[in-house]
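A.B. asks: This is the structure I have questions about; it appears just below.
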Amino acid sequence: MALMGSPFLTGSAAGSPGVKRHSIYASIILIYIIITDINFELRCPALPKDDRAMDVPQRRLLTLMAGDGSEALEALASPVRLTMLRLLRQRGPLNVNQISSELELPQSTVAINVQKLERAELIRTEAVKASKGQQKVCSALYDEITVRLDDPDALQDDRVIEVAMPIGLYTTCEVSAPCGLCSTDGVLGLLDVPDHFLDPNRMKASLIWFGRGFVEYKFPNNAKVVGKAIEQLEITMELSSEVPGTNSDWPSDITLWINHVAVATWTSPGDYGDIRGRYTPRWWKLAGSQYGKLVTWRVTDEGAFVDGSLASDVTLDQLRLNDHHAIRLRIGIDEKAEHPGGLNIFGRGFGNHDQDIVMRLRLRG
């Protein structure tokens with residue numbers, strides 16, 4: 001609720017006959033250290049909130065393997081250094097004196113920890129001229145750091161191809177007000193003007209909402225590229241209902257179509273605004289939609305499933321995937337929906353799951 005490229009194939013040699021996706025499923029255990037959101041119990045003051053938008057268009061990510069003995073892991077094993085990273089991520093470049101003042105720590109303590117973070121290549125430092133000599137200015141290198149506890153080599157699955165589609169790259173749409181688009185930096189164009197949904201700036205969108213209608217995406221059918229038949233199709237995205245303001249008790253029947261076939265309907269419980277979404281920018285007011293539910297549609301030879309439960313008898317054969325080089329995905333509100341409660345689609349930089357619309361194709365062995 002408002003108050004005011006091309007898709008990416010992940011895997012090796014994307015788009016070539018040798019493309020493979022190493023898919024890691026529920027057996028993976030991940031620890032996420034989200035510098036923008038994590039809270040630490042420290043003997044230093046909490047960082048003041050900043051109402052500016054602090055998310056950047058493309059997040060800088062670092063993945064570390066537990067047990068690799070890297071200096072980065074050792075550097076992260078300190079609440080003080082984690083708070084310094086968070087401060088630099090929120091405020092941008094700061095010198096040692098400024099960090100010391102913000103965190104109420106001795107300059108000597110800050111200087112030692114800056115050296116540790118610099119050696120671990122978690123921050124960048126630059127000597128700049130000051131009124132008296134030079135000063136060291138520090139900048140955070142990453143927005144998000146992930147520590148992996150699994151063994152990727154042991155969990156590879158070269159039968160899965162994954163494509164992540166930014167939510168603004170829809171190819172056609174038909175929506176009605178209330179409706180709008182947002183990037184991580186601000187509102188895109190005019191609110192409640194459906195014709196604006198075709199503006200080229202839509203590719204920057206990280207949040208889309210509308211009361212009725214649909215948006216449609218055109219995914220590449222990379223199974224045809226590698227000459228394999230599809231055993232399972234899976235679609236995952238973060239969704240909620242759409243209501244003026246927010247209302248956690250506002251059901252909405254949200255339907256997924258594949259190649260013009262209605263696959264299954266998921267009923268969203270409501271439009272959530274009780275707390276700020278994990279990735280929702282600070283400039284987005286709390287009175288607006290904050291996050292949704294991560295919903296997964298899965299189609300096999302046995303039928304269509306929503307979040308693991310059988311939802312319809314639509315099978316892969318009915319989607320005629322082998323007949324097309326593209327897979328058309330439509331998400332919206334059916335004209336005959338019992339609960340036409342609108343739709344919010346959360347992409348990267350909004351909501352609780354920092355992801356685009358993800359399609360996974362499992363190939364037959």
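The values are calculated or read from the model by the stated rules, or taken from the named source; none is laboratory data. The shown structure was predicted, so the numbers you read here are calculated from the model rather than taken from an experiment. Note: ideal-geometry Cβ built from the backbone for every residue, glycine included; neighbour counts use all protein chains shown. Keep in mind that these areas ignore ligands, DNA and RNA; they rest on the heavy atoms of the full protein, side chains included. Shrake-Rupley method; radii C 1.70, N 1.55, O 1.52, S 1.80 Å.
For every residue, the table says whether it meets (1) in a strand (DSSP E or B); (2) under 22 Å from the mean Cα position of the chain (by Cα); (3) crowded, with 17+ Cβ neighbours inside 10 Å.
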| residue | (1), (2), (3) |
| --- | --- |
| Asp192 | no, no, no |
| Phe197 | no, yes, yes |
| Arg202 | no, yes, yes |
| Ile208 | yes, yes, yes |
| Gly213 | yes, no, yes |
| Tyr217 | yes, yes, yes |
| Gly227 | no, no, no |
| Gln232 | yes, no, yes |
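A.B. asks: Something else about it: Is it true that Pro251 is in contact with a His (Cβ under 6 Å, 6 or more places away or on another chain), open to solvent by 20 Å² or more (accessible area, probe 1.4 Å) and not hydrophobic (A, V, I, L, M, F, W, C)? Quick ask: steps written out before the conclusion?
C.D. replies: Working: in contact with a His (Cβ under 6 Å, 6 or more places away or on another chain): yes; open to solvent by 20 Å² or more (accessible area, probe 1.4 Å): yes; not hydrophobic (A, V, I, L, M, F, W, C): yes.
Here the answer is yes, as Pro251 does meet what is asked.
A.B. asks: Tell me the residue from Trp284, Trp257 that is of a type in the set (Phe, Trp, Tyr), surrounded by 15 or more Cβ atoms within 10 Å (Cβ to Cβ) and at pLDDT 95 or above, please.
C.D. replies: It is Trp257.
A.B. asks: If Ile275 satisfies every condition in (1) of a type in the set (Val, Ile, Thr); (2) outside any strand (DSSP E or B); (3) in contact with an Asp or Glu (Cβ under 9 Å, 6 or more places away or on another chain) but one, which is the exception?
C.D. replies: So the condition that Ile275 fails would be (3).
A.B. asks: To continue, here is another question. Show the residue pairs that are 6+ apart or on different chains and have beta-carbon atoms under 8 Å apart, the first residue being within region 159-174 and assigned to a strand (DSSP E or B), the second being surrounded by fewer than 19 Cβ atoms within 10 Å (Cβ to Cβ) and of a type in the set (A, V, I, L, M).
C.D. replies: Matching pairs, first to second residue: Ile161/Val19; Ile161/Val226; Glu162/Val358; Val163/Val358; Ala164/Val358; Met165/Val358; Cys173/Leu198.
A.B. asks: Restrict the check to region 261-275 and report whether at least one residue is surrounded by fewer than 21 Cβ atoms within 10 Å (Cβ to Cβ) and within 18 Å of the chain's Cα centre (by Cα).
C.D. replies: Yes, some residue in region 261-275 is surrounded by fewer than 21 Cβ atoms within 10 Å (Cβ to Cβ) and within 18 Å of the chain's Cα centre (by Cα).
A.B. asks: If you don't mind, another one. Tell me, which helices (runs of 4 or more DSSP H) lie completely within region 42-143 with 1 or more residues that are open to solvent by less than 30 Å² (accessible area, probe 1.4 Å) and at pLDDT below 90?
C.D. replies: 71-76, 79-91
A.B. asks: Can you find a residue that is at pLDDT 95 or above and within 21 Å of Arg360 (Cα to Cα) anywhere in region 181-202?
C.D. replies: No: zero hits.
A.B. asks: Going through region 176-187 one residue at a time, which ones are open to solvent by less than 20 Å² (accessible area, probe 1.4 Å) and either of a type in the set (D, E, K, R) or in contact with a strand residue (DSSP E or B) (Cβ under 7 Å, 6 or more places away or on another chain) (or both)?
C.D. replies: Across region 176-187, the qualifying residues are Cys179, Gly180, Leu181, Cys182.
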